[in-house]
Structure formats: C-alpha cells, structure tokens
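Everything below concerns the one structure shown next.
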Amino acid sequence: MTALGAPVLSETAMALCLLCILLVPFAGAGLALVNAGLGRSRSAAHAMMASLCVAAVAALVYVVCGFSWQGFIGRPAHELVLAGKQWNWIAAEPLFLRRLPLDGSPASLAACLQMLSVGLAALIPLGAGADRWRLRACCLSTVLLAGCTYPLFAHWVWGGGWLAQLGVNYGLGHGFVDAGGASSIQAVGGFTALAIAWILGPRRGKYSLEGVPTAIPGHNAVLVLFACVLALVGWLGLNCAGAMLFTGAEPGRTVLVAINTALAAASSALAAAAITSLRFGKPDASLSANGWFGGLVASSAACAFIPPAAAIVIGLIAGALVVFAVEWFELRLAVDDPGAAISVHAVSGIWGVLAVGLFAHFRSPVLNVAHGPLPGPTSGDAGQWLAQVVGVATLLGFVFPLTYGLNWLLNRVCPQRVPMEGEQQGLDLYELGAGAYPEFPTYTDEFTLR
Amino acid sequence: MTALGAPVLSETAMALCLLCILLVPFAGAGLALVNAGLGRSRSAAHAMMASLCVAAVAALVYVVCGFSWQGFIGRPAHELVLAGKQWNWIAAEPLFLRRLPLDGSPASLAACLQMLSVGLAALIPLGAGADRWRLRACCLSTVLLAGCTYPLFAHWVWGGGWLAQLGVNYGLGHGFVDAGGASSIQAVGGFTALAIAWILGPRRGKYSLEGVPTAIPGHNAVLVLFACVLALVGWLGLNCAGAMLFTGAEPGRTVLVAINTALAAASSALAAAAITSLRFGKPDASLSANGWFGGLVASSAACAFIPPAAAIVIGLIAGALVVFAVEWFELRLAVDDPGAAISVHAVSGIWGVLAVGLFAHFRSPVLNVAHGPLPGPTSGDAGQWLAQVVGVATLLGFVFPLTYGLNWLLNRVCPQRVPMEGEQQGLDLYELGAGAYPEFPTYTDEFTLR
Amino acid sequence: MTALGAPVLSETAMALCLLCILLVPFAGAGLALVNAGLGRSRSAAHAMMASLCVAAVAALVYVVCGFSWQGFIGRPAHELVLAGKQWNWIAAEPLFLRRLPLDGSPASLAACLQMLSVGLAALIPLGAGADRWRLRACCLSTVLLAGCTYPLFAHWVWGGGWLAQLGVNYGLGHGFVDAGGASSIQAVGGFTALAIAWILGPRRGKYSLEGVPTAIPGHNAVLVLFACVLALVGWLGLNCAGAMLFTGAEPGRTVLVAINTALAAASSALAAAAITSLRFGKPDASLSANGWFGGLVASSAACAFIPPAAAIVIGLIAGALVVFAVEWFELRLAVDDPGAAISVHAVSGIWGVLAVGLFAHFRSPVLNVAHGPLPGPTSGDAGQWLAQVVGVATLLGFVFPLTYGLNWLLNRVCPQRVPMEGEQQGLDLYELGAGAYPEFPTYTDEFTLR
C-alpha cells in the first residue's frame, strides 16, 4: 500500500476542508437536542450531560488510540495476503497522534474530522437508550465504540482498507464508496443503538402487559425542530469535508454536495410529513424531524456524485423508510427507541450506501482510495452496486454482532440500565442529583403510573 | 446579454463564498426561533414545524423551477426591446438546475445561496401569520413565493435584469444595487407578510370590540433573544456571500461587510432599547430583538460600500423605524403581526435599499451586474438614488400587488386561516395533534377568554 | 516600532481567518445561554437582554474608540524610552477605524475579531452579576471595559506593546505569548467579574445569617449544556483566528489548534464530572459545563504550540481548578458568582497563560509580535516562563485594580445593584416589565422566602 491514493489538497482546499470540519459540532448539537427533546423532562439534563460526556470521551479515546487503528490512505497499515491479493485490515499508527504532522495535510484533517465525527456516532445510541441508560455505562460503551468498532470499520472504508480495495482487487467499481459517513458514522452508530435498545429493554410503561405500545411524547418539540437546522449545518460541513478527504472531490464540487445535502433533508422531511398526514390525519412533528435527519443521513454517502434530482429521490425514499421503520421496530420488534436512532441512522444509512450503487455517476476524475484518480467518466454499474452490498453485509454480519457482543459483555461487568427507582424518579434526580427545570412544575405521574 | 457582467472568482474567493453560504441556515434558524418565541406556547411546535416545512418547500420549488426564472448574470434570459433598449425580464434556464455546472462557478454558488435564502424569505410571513395560519396554506403560499414572486424580482436585481440595467440603460448610477438582499429577500418576504396578515385578519382577542389592541406577550423571551445571535451569524454569511456574488466585491472587502453588518445590528438594537425605555419607562426586550433584526435587514443592501460610521447611522435609524412601524401597523392599520415581520423586513428593507443612495461610496472597481467592472471611483449620486427609488417603487407597485393577488386567490381555493376552534385549542393540538410542551402546565385561559 | 512583526497573510489565510472570525459570535451565544440557564427563571429574559445590549455596546465602543488605543503590530503607537529601551504602551489610531483599510489586511481582520471578542469579554461579568445587576449599569460598565481596560491590556499583548516586547527587550523567550486571548479576553473579563461580584455583594438568600451558602440551582440545565457546544465552535474560531493573527501561525497549523481546543474542553469537562462524582457521589452537570468552558479558556493561550497530549493535561488541570475555585470563592471568600465566571475565566485564564511557559514548544518559525519570525526551533524555556509570569502579574497588579476602581466609581455615580424589591420581583418584571416565560407557572417562593 503506497500513498498513491491519498488526495492532494491545495492550500485553499485545506482551508475549505478545515472550516467545514469546524461546522461538524453542530451535527452533534442537533443530535443532542433532538434526543433531549424527544425524551422526558425529568431526564433532559441527563440526556444533555450524557451527550457532553460521550462526545468528550469519544474525542479523547479516538486521539489516544482510535486513530492508531484507523489511520489514513497511504499511511502505515497491516496487510494480509489472501488469495494472492493484499488485504489492508488495520492501520499501524502510534498512540496520541504522534508521528502525524498536524499541519493541514489530508491525514491531519482526517484525524481532526474523525475526532469530532466519532463523537457524532457515539451520540446516536443515546437516542435509543433515552430515559434509562446509566451515565457511566454510556461513557464505557463509547470507549468501546471509539476505541474499537468505529476505527476498525472506518479504516476499511476511509483508511484504504479492504472495502475500499474491492475496486482494485476485484474490479467492483471504485470499491466501497461513502463520502460523508452514511456507513462508518451513521450505520455504525445506528447498529450500536439497536444493540443498546435490545440490551436495555423498553422503558417502564412503554408496553402494556399485552405488548401494546404507548406513545410517550417528547417533552419539548421546539428543541426537536430547532435541532434540525443545527444538524443541517453540521451535515453540510461533514459531507463537504468527507467528499474532499475521502473521495478526492475537488473544492468546487462542494457546491453540489451542499445542494444535495439540503435537498435530501428537505424532501425527506416533507415525505415524512405527508405520509404521517395521510395515515394519521395530521402531520407528526417528531416523525417529520426524524425524516429530516434521515434525509441528511441518506445523503451522506452519494452526495458528491449525484445530480440534485437524485438527491430529491433519495430524500423522499429516506423519509418514507424512517416513518415505516419507526413503526416496525416499535410494533413488530418491540424495540423501544425514543429518539428513533435505529430507523434514522441505521436504516437510512444503509439506504444511503445502496443509493450510491443506484444513482452515483462518477463523471470527473474521482479519487479511488485504493488506486488513485481514475481517468475519464465511469457510471455506477453492477460492480459498484456489489461493492456497496458487500459493505452493507459487513455492517450486518460483522459490525452489528461485534458491537452487540461488546455491549453485552459490558452489561455483565457494569449493568447498563438504571434500577427501577431511577426510572421512576427520572434520570436527572437519580444520576445527577438535580432536575433540568427545577423552577417549573411538570405533569409526571400521568405517564409513570401506567 | 453577454457574460460581461458576471463576477470572476478565484478558487479562494469561491471557497470563502461557499462557506459564507453554509452559514445562511442560521439566519433561518434565527427567524424560526424568533417567530416561535414571540408566539403562544400552544402553537410553538406548529411555528417550528411550519418553519421546517416552508424552508423545505422553498428549497425544492426553487431547485425545481425557481432558478429557471431567476438565472444569473450572463446566462440565458428573455429580453424585450423597448424604447430602443434591451430589457432583460426573465431568465431562461431548464428545470432542476440542469445545464448549470455545480462546480463552484459564480452561477452555481448563486443557485446554492438562493436555495437557502428563498427559504429565509418564506419564513418571514410566518411571523405575521403566527397562531392562526394553516400549515397547508403556509406551504402552498411558499410555492407561490419560491416559484414566482421571489425569482422574478431577484432576477431583476441579481440576475442581470432590468433593475440592474438601469445604470447602463439610463445612466442611473450603477443600476439598482442590493448586495445582501434587503429588497429581494427581506422586502419581498415582508410584503408577503403584509399580504398574509391582511388576508388572515387579526388573532382572536387581539382587538377589543372598540378596536383597542391587547398586548399578547410571546411565550419565550430567551428563544427570542438567543435567535438574535444566530441571525447575526447567518446575516454575516448572507451579506458576505451576496456582496461577492452580486456586486463583485473582492474577498478582502468581506471584512468591511462583516464589521458593518454587526455594527448595524448593534446600533439598531440599542436604538430600539433606548426608544422603548424613554417612551414606556422600561426597555422592551421583544422590540429590542426586533430592532436587532431590523438592523441586520437594513445593513444588507449597502454593507459593502459604506464606512463603519454610516453602518452605525443606518442601524440607529432602522431601530427607530422598527419601533414606530410596529406601533403604526398595530394601532393605525389594525394589522396583527405577532412577529413584527412587516416592520422588520419590509420597512427596514426599504430603508436599507434607500440607504445605498444616501451613503454608498463605490470607491474601488465594483461590478455592475449589467456592464462589467467600472473603472475608478464613483460616489453615490442622484442617479444612484433614483435607481434605488425605482426599485422600491417596483416593490410597492408590482411585487406587493402580485403577492397579495396570488395569496388572495390561494385563500379562495384553500382557506388560509384555521377555524375558530383551531385558534382556541392552539395550532399544535389542532393541526399537529400534539403540544410542544406536553409535560408543562400553562396559563392559557387568561388570554383566550379575552 | 516598524511593521517588521506584522504577519503577512496569503489570500487563503485571509479567507480562513475571516471565516474563523465569523464563528466567534457562537462563543458569545454560549456564554449568554450558560449565564441565562444558571440564573433564575424570573431573570432569564434580563440575562439574555443584558447579553445582547452588552455585546452591542462593546462592539460600538470598540469601533468608536477602543481600537484607537489598541491598534495592531506595526501600526502607529506611543512609546516611552525607559532604561534605554523603547516601551510601546498605547496605540495612536484615529476614531471610528478611519485610516484603517478594511480590505482583508491582518490589521483589519484583527479589528473585526476584536469587535466581536470584546463583546465576549463583556459577557463574562454578566455571569457573576446574575439576578441583581441593573441593565443600565451593565452597559456603562461595558463602556469602561471596551473603551479602556480591554484595549489597553490587549495592546500590550497583541498590539506590539511592552508585554510582547519582553522578548526583544529582555530576552524573555518570545515575549508574552497568548494566541487566543486567555489573558486579554478571558482573564480581563474574569477579573472584571470579580470586581462586579464584590461590588454587588451576594444575592438575597444566598448566604444565611451564619454565612453558610445555599445552593440556588440554575433554571434550565438544557440551555447550560447546549451552550457548551456553541462555545466550542466559537472557541475553535477564536483560537484559530488568534493564532494566525497574533502569533503568525501558518494556515495549516489551525488543524493543531482545532484538535487541541476540542481536547482541552473534553478533558476538562470529564475531569470536573469525575471530581464532583467522587466528592458528592454524583456528577454535577453545572460544574461539568463550567469545566468544559474552563478547558476552552485554558486552551486559548498555548493551543498553537503544544502537542495534543499536552492539551489533554492542560484540560484536566483546568477542570480540577474550576471545581475547587468555585468552592473556594463561594465558601472562603463569600463571593456569589452564579455563573462561575471568575473561576472559569480568571482562574482558568491564568492557568492557560502559565501553561505556555510549561508546555509550549515553538517548533516552526513563529511570529514574535515584537521582532518578526524567529529562525528555527526554540522550546519553552525559563525566559518564556518568566514572560508569562510578568503577564499574570500585570493582570493581578494593574488590570484588576484598574477595573475594580472604575467599577467602584461607576457604582458611586449610578448604583449597580437593583433595589431589594427588584430582586424579589425578579429582574424581568422589575427592569423589563415582562417575564421570560409568561405562560408557565413557576415555583419562585421556595427560594425568595429564604
């Protein structure tokens, strides 16, 4: 593995990329607020505190050791020779980012972006574990995510690993392509959310004895909908920076990325609003916000390679998927996911990854992380589609079992769910000793007595 | 019409412009929060949901067809020959941004900026229609705005249309100049707000039988004042990007734009605080926030061509105008505008446009969208002042009647106002089926019984 | 004094710097929200209104006259000759930024950054004066800060003044170094907060007759924790822009700055959470948020010259310092500081300044504001450490007495504290005539009756 595939950035491209990275915390802010707003008021401070701690732990663990396993295209890595071909499976960097010059090089920008986006991935499971997940367990689970699951899969996708090599090794299009992290950030976070939701079990009172779910409304719809705008800005930064760093998109192409990202979010939110309006008579604000997030997630993988009309289609389908997936998980699988984290991040993330195979058109020279810029135009073909399917299969067959197993083990060592009394009191009082809104009376009994 | 007037951007200028555009959603977030905060708690979720839907509809409609009528300087357009002169009145682009290379060219940046700023214009009427405007009607009204009114007027100002040609055709200074959209975004949105407020009529209980208005306080002053900071960041991006794209300001001049924008907001908010303090004994927080927004709006047109001291003067006058306009509309015209959208966006927008004629000094070569960079310095003169007046006359004499007529027709087809029971219940319950703050008791009767 | 030391920015560096500056208002938004959230609900609107007014006054005063005393490296200044050496002590610029070309030059970028960051400094004392500081007095106190204290000290540090000259005059390393304003913004604001807290005295009911402090919880923990993310983005902009403008860091080095800033905040918040958890059994959300801010503050001075591991250490110590300083001020000094402004900004700021002496390693050519780029690497040495100590001594021995004296005089002319009845009613009703949340009932007696 040589440095052949690493993108070369002009000073302007470096500045553009860095500034996009500085917007990524807004994506985290959006997730934190949507999770807090969709939860109960008596665990609102806990939701925000957990978001802060989880993002902090993720950044620290990633800098201490996560980047060591993830690395970047063209930097030291371990390779297996299998069937006569080299398979790059893990990076070989020292701890604490030593030996990585933090000077604006693409590798340093990737490290900076990941330090923030691993926090984003770690925030996702908080939505699924809302109102019952211990603060200590969140933090330890994040250590596992940021120190193991995330860097491993992200290396395969973005670090010149074997998924990226599918193109050069087996001629599957450009290898697995994901510009903004629909798989490595969103789906990894979303599958972790599914693992957490299964391990924790549903909230007290969510299901009746007959297994019929009760709607537990979020405590602040204004926060939830405001979070959508913050998330848009964060995703604009994330997708633009990812497209430049991980697919070699030239700076001017970020205009396309920005337009596609916004259109996917817009069409997805409207699709969710329209579908809920048709089915329930009134549009559902929470599901529309979830749709908006789902559109952002789904846009991430293909944003740099599709025309605006395709972004609208991707968004429309993402919005529909989110609405039906939320219902399916709640009714069929009895998975209690207050923040819709699984539907929004895992389901839409997979859809976004597959959409690359359906819609992407690699018109201009695009960087293939495993074998340098390709000459001339190539369109999305069966090989590309297969590469994307292999990526999804890896998520389902390897990443999900890994994250489930790790969190199951963690649950043995340190029980992840608060005891009954904690859920009754609310996490704020039980775990933090103070409520989020101590001066405001609330109706709490109405729900807890069910 | 040739490409003569189109600005040429270096790669750095392109990156700077794109990143400024990525900040524009904060202007929308600011407007959404200020509208929600100034409304009632029982329609807070509806206000945010309407903001999200309206911004989404605006972006989609603009991409589908709005840009086709707006276009950009130097791109295909229809022209009339009148009195021996060419009048460019509408662009001729295909739908879905086809044939527009989304590669960082000025035209692609303009499309990206407009996709977001047309949403900003569409958010403005929500302030005027708060607490009584149906969600479906908001969205349909936005289709009319983003598909007709906005692109038409914006083409005349920013797309090389006849207002921009006033300089080359009749020697009126540089033609109509508006760097950041005080007319094309703000005044267009503000006049639509006036049309909507007139069509909807005042809220139940706003006016007594004798016609005396009652103060209905906003439900969350923290949101309202927080929105000011978000709006500042959004406007900084909007004015910098607009100055570069639509007036050919060189990248370094964005420093001047940023300083002027912030100073106008600051002085306008302080003027509003001082005036309300003198008149009512205590400064009014809502009106001060409205003043802040008014200063931002008023700064937009001239920000790239005035010294900081002039920006302070523009802001002071804008703050005073907002305070008196709010009172005038409420008391004299019996227009119920909970978010002060008309005063902030239409009145301040017009003031900003006229201020170009008073204060602008085109010191360095400035792009004139209709005849290329002018050599050497020229100062604001009578011709320039006249061009600005023609623009304002067009807003009053053409844009307002057009938007009023379209919305009046829409009201015939699909009644825009919720029925009485919807207003009593609150829009959240009536239109969305769920309140914004379901766990918090509220004092609602106190107001509804009036 | 010649222009020798002024940094030279490429067009890209200018664009990068300007965009970082446009993010600085988020730091102010973060401070405003944390102050409002840590205060009482009945003065929440007042807290936000004061933030808006104070930022506006600061920007205006700074543009009118503050920059005249501060200036920039290599621009006109007054010098004393003392002991055979030139001591640059105050700039000599005209009012209203006249004669400063606002064209993207480093001096114009510095003026733009300062216009915003002086507002940041002015927001800090609001945290200490929460729930009892008159709006008029806040604004007048800000006039003193933005027109006198801030520009004077900032000139010494960033304008080529005598603290920056310590290197060239006495060989103390590179002279006093502070990239992002840990001293000139944060500590100046923090010491002003201490002066204000002393002059105002504690809130009614904060201390019992025996002098035992009562915990008065903030009214909205969600705002407090959300503010942390906003502040992170603002500080990323602030530190990157400051490093480029005031220490001549090349554009690529901003990646290092960004990583260090985020790591310091993360480790500081976790340190605060861990310490409060160990001491009180449960992590304290407010103190963790304060820790996060403290980490940001402490990172500011050295962010461009330290490896990521050092940033983590600086953050861990800052988090511990904040927790113990809060207790020490509250219990030992009986200083009532609801927003922890003194601990977060003064104490962490001093720690950040000293950390430059301990950890900074000036590897690549770094601009020394008083004698141009130095050739080759030099490491933090005893001289550098001494220069930092001289800076801290100046803060303690000159800036604090000056700001205390000015505010003491102001208190004679215009009493800074609201009368008893104002505190009982809440500042919202007393000073603004309207509450922040008029539709929501609150438990207020519980606290006021103490």
Report task. Would you mind working out the magnitude of the charge dipole of the protein assembly as shown relative to its Cα centre, with +1 at each Lys and Arg C-beta and -1 at each Asp and Glu C-beta, to the nearest 20 Debye? Result -> 280
Requested in this report: Please report the relative contact order for region A:146-258, taking Cα pairs under 8 Å with a sequence separation of at least 6, and give it as a percent rounded to a whole number.
Outcome: 22
Report summary line: On the accessible surface of the protein assembly as shown, probed at 1.4 Å with all protein chains in place, carbon and sulfur together account for a percent value of 66
Requested in this report: Along each of the three principal axes of the Cα atoms of region B:149-223, give the extent in whole Å, ordering the values from largest to smallest.
Outcome: 54, 31, 21
**Report entry** Of B:Gly433, B:Gly30, B:Gly295, the one that fluctuates the most in a GNM where chain B has Cα springs shorter than 10 Å
**Finding:** B:Gly433
**Report entry** Accessible area per residue, Å², chain B with all protein chains present, probe 1.4 Å
**Finding:** 29
Report summary line: Ignoring ligands and nucleic acids, B:Cys148 exposes an accessible area, probe 1.4 Å, in Å² to the nearest 10, of 50
Report task. Within region A:1-104, list the trypsin sites (Lys or Arg not before Pro) lying in a DSSP loop whose Cβ has at most 13 other Cβ atoms in a 10 Å radius. Result -> A:Arg98, A:Arg99
Query raised in the report: In Å, what is the Rg of the alpha-carbon atoms in region C:1-138, and how long is Dmax?
Result: 18.0, 58
Query - Cys with no candidate disulfide partner in chain B (beta-carbon separation under 4.7 Å rule) - result: B:Cys17, B:Cys53, B:Cys65, B:Cys112, B:Cys138, B:Cys139, B:Cys148, B:Cys228, B:Cys303, B:Cys414
Query raised in the report: For A:Arg136, which inter-copy label distances result when the label point lies 7 Å beyond Cα on the Cα-to-Cβ vector, reported in nm to one decimal and in ascending order?
Result: 5.5, 5.5
**Report entry** Hull-based mean projected area of region B:153-288, where the convex hull spans the alpha carbons, in square nanometres
**Finding:** 11.6
Query raised in the report: Over chain A, one equal point on each Cα, no solvent: what is log10 I(q)/I(0) by the Debye formula at q = 0.10, 0.12 Å⁻¹?
Result: -0.64, -0.92
**Report entry** q = 0.04, 0.06 Å⁻¹: log10 I(q)/I(0) that the Debye formula gives for the protein assembly as shown, counting C-alpha atoms only
**Finding:** -0.20, -0.46
Query raised in the report: Label-point separation (nm) for B:Tyr443 and B:Lys85, each offset 7 Å from Cα along Cα-to-Cβ?
Result: 6.0
**Report entry** Cβ-vector label at 7 Å, C:Ser10, separations to other copies in nm
**Finding:** 1.0, 1.0
Report task. For an R0 of 30 angstrom, estimate the FRET efficiency from the Cβ-Cβ distance between C:Ser10 and A:Leu95 and round to the nearest 0.05. Result -> 0.30
Query raised in the report: Taking the simple approach of a point 7 Å from Cα along Cα-to-Cβ for both A:Ala393 and C:Glu210, what is their distance in nm?
Result: 7.3
Report summary line: For C:Gly39, other-chain or 5+-apart residues with amide H closer than 5 Å (H placed, Pro excluded) are C:His219
**Report entry** Rounded tilt (10° steps) of B:135-144 against the dominant C-alpha axis of chain B
**Finding:** 20
Requested in this report: For helix A:254-280, report the angle its Cα long axis makes with the longest principal axis of the Cα atoms of chain A; keep it between 0 and 90° and round to the nearest 10°.
Outcome: 30
Query raised in the report: Add -39500 (n - 2.57) for each DSSP H run of 4 or more in the protein assembly as shown, then divide by its residues: what number comes out at 222 nm, to the nearest 500 deg cm²/dmol?
Result: -18000 deg cm²/dmol
Report summary line: With region A:247-321 reduced to its Cα atoms and the Debye formula applied, log10 I(q)/I(0) at q = 0.11, 0.25 1/Å amounts to -0.27, -0.94
Query raised in the report: On a 0 to 90 degree scale, rounded to 10, what angle separates helix A:106-128 from the longest Cα axis of chain A?
Result: 30
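The values are calculated or read from the model by the stated rules, or taken from the named source; none is laboratory data. All of these numbers come straight from a predicted model, not from anything done at the bench. A quick note on method: Cβ atoms are made from the backbone with ideal geometry, for glycine too, and the neighbour counts reach across all protein chains shown. Each accessible area value is taken on the protein alone, full model and side chains, heavy atoms only, with ligands, DNA and RNA left out. Shrake-Rupley method; radii C 1.70, N 1.55, O 1.52, S 1.80 Å.
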